[in-house]
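See structure below.
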Amino acid sequence: MIPLVDISRQHEPLLDEFRAAFDAVLSSGRYHLGPQTAAFEREFAAHEGAEVGVCCGSGSDALYLALRALDIGEGDAVVTVSNSFLATAESIARTGATVLFAEPDPISYTMDPEDLVKVMRGPDGDRVKAIIPVHLYGRRADIKGIRSALRQTGHSNVTVIGDAAQAHGSPGVGGETDITCYSFYPSKNLGALGDGGIVLCRDPIISERIRSLRNHGRSGKHNSRELGLNSRFDEIQAACLRIKLRELRRWNQERRDLAEGYRQRLADIELLRLPEDEAGHVYHLFVVQIEGDSARRDRIVESMRTAEIGVGLHYPVAVHQMRIYSATRPLPITEELATGLISLPLFPGMHEDEQDRVCAALNEALQAEMKDA
């Protein structure tokens, strides 16, 4: 079986360092929000091109805390995309704000600035307090275009929060938006040995408020200034992430090399559209688009899984198609993407012969579809 992701290949050379880090944390008696967390916050912020970092319990909490620090809540609205993992929309909904969806660009799969103009000129535009573009699959959203759209519609004061849960290590991405949020879910480009997240920002007032909110809204050991949550960061996660951070550039380059390997092997195959390359793309996922409907996509997935290829679907159900969310306008591009995208195995440590097998299985499945067409 060739898995979609094999984290063990990244971890194997680092196991002795992980064990030493675990022993050091165990003997320190500090198990959360200690010196390892503080050091990692500084190191990761510098690595991503941001001024300040505040760790928390998950990437979902990072987004929620960022919104809370901006006093976003009931009566407000926040714009994101629907062709992504549900955590982004969920974090908005947790504040009581309305979730609005902009369409993605059909080539980059990230938020389309031109469609954002339509949202901002719509009936809810004046309620929008933040935009959350998702840097999807490792490709960066068009932040310059998004800021231009906000200026064009008279909303240049709206905060832009980058969801970089799939873009660790893309050069400077952490400082490109007003606030940038990351997840350290284990399968991410920089993943913890459990869960975790971080908020990067410029404004020291915002960062200090997030530090309070992540720890029950406390203003001191025995006092609380507002309703917060328990989203403290574990020292063992910080210690292990500091070790892994040193490898991130090398791992991301390996991802880019693997993506190029797919591009060479899969060039000019009918019914298949490959992702465009772009400077700074870190290929959290290598996602290809199958021409046709979801039934064709599903047949190809089944064929590849029969060939013991661990493909993934990101994301077959758009967020606005879920029962607890809804769209106030049609989203045809989002829905079309949900029917045709397949994620191929890609991870540091993957071998060339494994790529050969993946491409052979995909090509065989596509050839079968063409014969039946």
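The values are calculated or read from the model by the stated rules, or taken from the named source; none is laboratory data. Predicted, not measured: the structure shown is a model, and the values here were computed from it. No Cβ is skipped: glycine too gets one built from the backbone with ideal geometry, and neighbour counts run over all protein chains shown.
In table form, for the structure just shown:
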read-out	value
Restricting region 295-334 to residues that are in a helix (DSSP H, G or I) and among the basic types (Lys, Arg), the residue that is nearest to GLY96 (Cα to Cα)	ARG297
Residues satisfying the stated conditions in region 30-39, i.e. buried (at least 21 other Cβ atoms within 10 Å of the Cβ) and either over 19 Å from LEU213 (Cβ atoms) or modelled with pLDDT under 95 (or both)	GLN36
Meets criteria (touching a Phe, Trp or Tyr at 6+ places or on another chain (Cβ under 6 Å) and outside the structural domain of LEU65 (by TED's automatic domain parsing)) for ARG263	no
Residue tally, condition in a helix (DSSP H, G or I) and either buried (at least 17 other Cβ atoms within 10 Å of the Cβ) or touching a strand residue (DSSP E or B) at 6+ places or on another chain (Cβ under 9 Å) (or both), over region 337-358	8
Verdict on GLY174 being assigned to a helix (DSSP H, G or I) and closer than 24 Å to LEU200 by Cβ	yes
Residue within region 80-95 that is modelled with pLDDT of 95 or more, assigned by TED's automatic domain parsing to the domain that holds CYS240, under 29 Å from LEU245 (Cα atoms) and basic (Lys, Arg) present	no
Strands (runs of 3 or more DSSP E) fully within region 39-127 counting 1 or more residues that are more than 17 Å from ASP178 (Cα to Cα), free of Cβ contacts under 8 Å to residues at least 60 places away in the same chain and not β-branched (Val, Ile, Thr)	77-81, 98-102
Residue match in region 184-200 (condition: free of Cβ contacts under 8 Å to residues at least 60 places away in the same chain, closer than 22 Å to SER60 by Cβ and hydroxyl-bearing (Ser, Thr, Tyr))	no
Unique residue being at pLDDT below 95 and either touching a Pro at 6+ places or on another chain (Cβ under 6 Å) or part of a helix (DSSP H, G or I) (or both) when the list is ILE210, ILE236, ILE243, ILE205	ILE205
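Conditions (1) in contact with a Leu (Cβ under 8 Å, 6 or more places away or on another chain); (2) of a type in the set (S, T, N, Q); (3) farther than 25 Å from HIS11 by Cα, marked per residue:
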site	(1), (2), (3)
ALA141	no, no, yes
GLY154	no, no, yes
GLY172	no, no, yes
GLY196	yes, no, no
ILE210	yes, no, yes
ARG214	yes, no, yes
ILE236	yes, no, no
